[in-house]
Structures are given as C-alpha cells and as structure tokens.
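Structure record follows, encoded as structure tokens.
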C-alpha cells in the first residue's frame with residue numbers, strides 16, 4: 001500500500017506494510033543502521049525511516065544518501081519511542097536519484113528568502129515554501145467551495161482582451177507581428193493588421209466580462225491569472241497574479257459588503273481547520289501573532305465606515321503620517337492600518353469614496369461627489385478586497401467614461417448591457433497572493449507564488 005508521509009505519521013497506520021516515496025532531508029548513521037528523514041510534501045513533518053545494515057544495498061546506496069536524494073522505501077510502520085508517533089522499518093530501499101552534497105543548494109543551514117528566490121525550482125522542498133503552497137492550495141479550495149455552496153457559477157473570462165478595465169494603461173501587449181518588420185500606416189504601427197485586427201493585451205481584470213454573465217446568470221465568479229505591466233519592484237507587487245472576482249446581479253453595496261465579510265471569514269476558518277500544522281509553523285517562525293489575528297477577524301463584526309468619516313478620524317488622530325491625509329486622495333497602507341489596528345482594533349469596510357479617484361464603472365451617489373465603492377481593510381496589511389456597486393444607468397455610465405477620456409464606442413458591448421434589461425449589480429476583486437501573504441504572514445509577495453513574475457525576473 002502506498003501512503004503519504006502525512007498518512008504514515010498517523011498512529012492508525014501502525015502495523016501496515018507500506019511504500020513511502022519522497023526526498024531525503026537528513027541521514028545519520030550508527031554502527032548497525034541509519035536514520036533517514038523523508039518528506040514528500042504532504043505535511044511539514046518528516047517520517048523517520050530505520051534502514052539497518054541487513055539491507056542488501058546498505059553500504060552502496062543507503063550510506064550514500066544525502067539531502068535532496070529521491071527514494072522509494074517499503075517496510076512496516078512501527079510505533080516510535082521518539083517525538084513522533086510512528087517510524088518506518090525499511091525492508092527495501094530504492095534510490096531514484098542522488099543529490100551531490102557539494103552542489104545541492106538546500107543544506108541544513110538556514111537560507112534567507114531572498115537567496116531562496118534564486119532557487120525557485122528547489123525552494124518548495126523547504127519547510128516554509130512547502131507550507132505556503134499547501135496553504136495556498138487550501139485557500140483556493142475554500143474559495144471554490146464558498147462560492148459553489150453559495151449558488152455561484154464559476155466562469156472563465158478571457159486572458160487576452162482589448163478592454164482596459166482599470167483605465168491605467170499598464171498592460172502587456174499581445175501581438176503576433178514580427179517586431180523587426182512592423183506594418184506602419186502614416187508612421188504608426190498598424191494594429192489592424194495584427195492577429196485580432198486591433199490592439200490586444202493581457203487582462204488586468206476579468207470584471208467587465210464577468211458582468212456579462214452576472215447580467216444573465218445571476219451570481220458568478222472568475223478565478224484566474226491577471227497581469228499588470230507596472231514597473232513596481234516592491235514586496236507587494238507582481239506582474240502576474242491570480243484574482244478572485246465575484247459579480248452579482250441584483251446586489252447593492254450593502255449586499256457586497258456582507259458577501260465580502262462572509263467570504264473572508266470562511267477562508268480563514270478553513271485554513272485554521274485544514275492547515276493546522278502549517279499554520280502553527282508560520283505562527284512560530286514567521287509571525288507569532290498570526291493565529292490570534294485570524295481568530296479575532298473570524299469572531300469580529302467588521303466596522304463599516306464612510307470614507308469621509310475615515311478621513312476625519314485620521315486628521316484628528318494626531319498621528320504623524322508619512323503621507324498627508326486629505327479628502328479626495330486615496331488612503332495609504334499606513335492610514336488603513338491605523339484604522340484597523342489602533343482606532344477600531346477590528347477589520348473595517350470603507351465605502352463611498354470620492355468619484356475622482358475611482359474607475360468609470362462604479363455607481364455614482366446622488367451627492368455627485370462619491371461613488372459606491374468599498375475597500376475591506378484588515379490589520380497588518382490594510383486593503384485586502386476592493387469592490388463596488390456597478391453603474392447600471394446608461395447615461396451616467398457614458399458620462400463617467402467621458403470624464404475619464406474613454407470612448408464608449410470601444411466598450412459598446414459593456415454599455416449595451418445597460419440597454420437591455422439593466423439591473424443593479426455589484427462585485428469585488430481579491431488578489432490570491434495578497435490573501436496568501438496575509439494568512440501566512442510572509443513579508444514578500446514573491447514568496448507566496450510558485451514562480452514570481454516581477455520586473456527583470458521570468459527565469460522559472
């Protein structure tokens with residue numbers, strides 16, 4: 001019977017004849033046998049294997065094992081007298097691949113996360129990054145479970161698009177044309193001759209397309225890769241990342257807030273329940289307040305606060321912020337953290353932001369100055385979710401496009417949704433990597449994605 005290391009470490013496996021496959025973490029020898037620690041990525045802990053000198057390949061293979069070697073081991077699960085509940089008494093050990101201890105990068109000494117990024121192909125074998133990937137997997141599963149159980153349809157929005165959802169212009173161009181022989185008309189590149197007959201880009205968001213399906217199917221969500229060509233070399237930015245974007249017909253702003261709060265609480269609860277060992281590891285080695293913070297968020301009632309009141313609180317706080325606070329500007333992380341960590345000691349949902357700093361698709365309030373936008377703020381990081389009620393009034397939407405220099409004709413299909421059976425609707429967006437970063441306490445977003453894409457880095 002094949003068992004994972006996680007299964008083999010369970011006391012219920014004692015007495016079973018099994019095969020374990022994985023990679024060696026350490027080996028230590030005594031006169032008549034060797035202790036070999038095996039990990040297969042199924043859990044934080046290793047399985048101790050006892051390989052005695054009766055094995056026919058003990059001298060030739062077992063004593064050659066070092067960190068990184070791959071093995072298949074058959075034997076019986078026994079009770080252990082050590083810290084672990086079980087151990088494996090080997091009856092057969094097959095070596096699939098050795099790792100030269102002189103050149104294998106992952107030695108017993110601790111390596112910095114910066115150094116490990118140079119070995120992104122090997123770092124999943126470390127305790128930290130194995131744990132990050134298991135938590136990431138748990139979060140992804142929880143996301144799908146939450147929306148599926150809530151009656152949402154999972155849809156796939158296009159990765160290649162001709163629409164700029166954010167109006168930011170920081171997009172990766174997609175072309176099949178030869179850069180050495182670009183067709184030109186009147187001195188400009190003629191993208192009408194390109195593959196799609198127009199300029200196309202890697203998507204920054206699936207929101208606009210998701211709205212198509214929300215306006216026909218009710219509640220939908222998209223969960224896929226998005227791209228930003230921003231030259232931001234920071235611990236919080238990636239050029240390629242994954243976004244969760246639900247869109248809901250007949251939802252207004254308050255409904256959107258309720259959903260976002262339930263969503264976060266469900267994900268955090270699932271992680272604490274399903275990744276107990278990994279979360280204990282992160283709490284011990286990365287952030288000693290991690291478990292406490294997540295439990296407090298799950299138990300908390302999120303504060304709901306208009307942007308205008310938030311600005312007043314910040315101005316009156318007496319705090320010396322790096323970035324000055326004034327109405328009409330976006331709040332910075334330091335402002336958001338003050339609200340969540342000091343003033344309220346609770347997650348906060350800010351809403352009704354100035355229309356001048358928000359995209360065209362957000363519903364305009366009657367005051368003419370604000371839109372029904374919302375940001376969910378949590379301790380330690382600030383904003384973790386951004387969303388809004390969407391503008392469903394055709395005339396207002398076209399006016400907002402004009403304000404931001406967008407041609408409604410280029411968004412003809414989006415505006416047409418407002419001509420044929422328009423409804424109030426809302427949605428939000430959440431970056432998976434930001435969520436994983438928050439849950440694990442990891443300081444750099446490049447350390448919560450398998451192969452980070454950042455300016456100057458696409459090696460792995």
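Observations on the model:
- Gain on full stretching of the segment that runs from residue 285 to residue 92 - 0.36 nm per residue minus C-alpha separation: 65.9 nm
- Each Cα pair under 8 Å and six or more residues apart adds its sequence gap; the mean of these over the residue count of the stretch 5-104 is a relative contact order of 32 percent.
- The chain: calculated mean residue ellipticity at 222 nm from DSSP helix runs of at least 4, using -39500 (n - 2.57): -8000 deg cm²/dmol
- Order of 186, 274, 407 - criterion: other Cβ atoms within 10 Å of each residue's Cβ, fewest first: 186, 407, 274
- Separation in nanometres of the label points that stand 7 Å from Cα toward Cβ, at residue 233 and residue 323: 2.1 nm
- Mean shadow area of the stretch 123-208 over all directions, Cα convex hull, nm²: 9.5 nm²
- Extension gain for the segment residue 415 to residue 63, taken as residue separation times 0.36 nm less the Cα-Cα distance, is 119.7 nm to one decimal.
- Peptide packing for 315-328, 298-311 was compared via the average number of neighbouring C-beta atoms within 10 Å per residue; ordered from the highest value, the list is 298-311, 315-328.
- Estimated inter-spin distance, residue 277 and residue 217, nm [label 7 Å along Cα→Cβ]: 3.7 nm
- Over the chain, Cα pairs under 8 Å with separation of 6+ residues give a relative contact order of 13 percent.
- Computed from the C-beta positions of residue 457 and residue 316, the FRET efficiency with R₀ = 45 Å rounds to 0.55.
- Scattering curve values for the stretch 332-393, log₁₀ I(q)/I(0), Debye with Cα scatterers, q = 0.16 Å⁻¹: -0.53
- Calculated SAXS-style log₁₀ I(q)/I(0) at q = 0.08, 0.09 Å⁻¹ - the stretch 210-369, Debye, Cα scatterers: -0.32, -0.41
- Listed from fewest to most Cβ neighbours within 10 Å, the set 422, 103, 86, 185 follows the order 103, 185, 422, 86.
- The stretch 298-380, relative contact order [Cα under 8 Å, separation at least 6], %: 33 percent
- Cα centroid separation - the stretch 326-377 against the stretch 26-64, whole Å: 57 Å
- Full extension of the chain between residue 144 and residue 156 yields a length gain of 3.0 nm, computed as 0.36 nm times the residue separation minus the alpha carbon distance.
- Its convex hull of Cα atoms gives the stretch 201-268 a direction-averaged projected area, equal to a quarter of the hull surface, of 5.9 nm².
- Sorted peptide list for 446-455, 107-116, criterion being average Cβ within 10 angstrom, highest first: 446-455, 107-116
- Likely footprinting exposure, 343, 392, 96, 425, fewest C-beta neighbours within 10 Å first: 96, 343, 392, 425
- Computed over the stretch 5-104, the convex hull of the alpha-carbon atoms projects to a mean area of 6.1 nm².
- Residues within the reach of a label modelled at residue 176 (point 7 angstrom out along Cα to beta-carbon, backbone nitrogen below 15 Å), restricted to the stretch 190-223, are 191-201.
- Nitroxide proxy distance, nm - points 7 Å out along Cα→Cβ at residue 292 and residue 78: 4.3 nm
- Two-decimal ratio, the stretch 304-458, of alpha-carbon radius of gyration to 2.2 N^0.38 Å: 1.20
- Computed from the C-beta positions of residue 121 and residue 330, the FRET efficiency with R₀ = 41 Å rounds to 0.60.
- For the stretch 90-131 and the stretch 387-460, distance of Cα centres in Å: 38 Å
Read-outs throughout are calculated quantities, based only on the coordinates presented, and are distinct from any laboratory measurement. Not measured: the values here are computed from a predicted model. Counting neighbours? That spans all protein chains shown, and the Cβs are built from the backbone with ideal geometry, glycine included.
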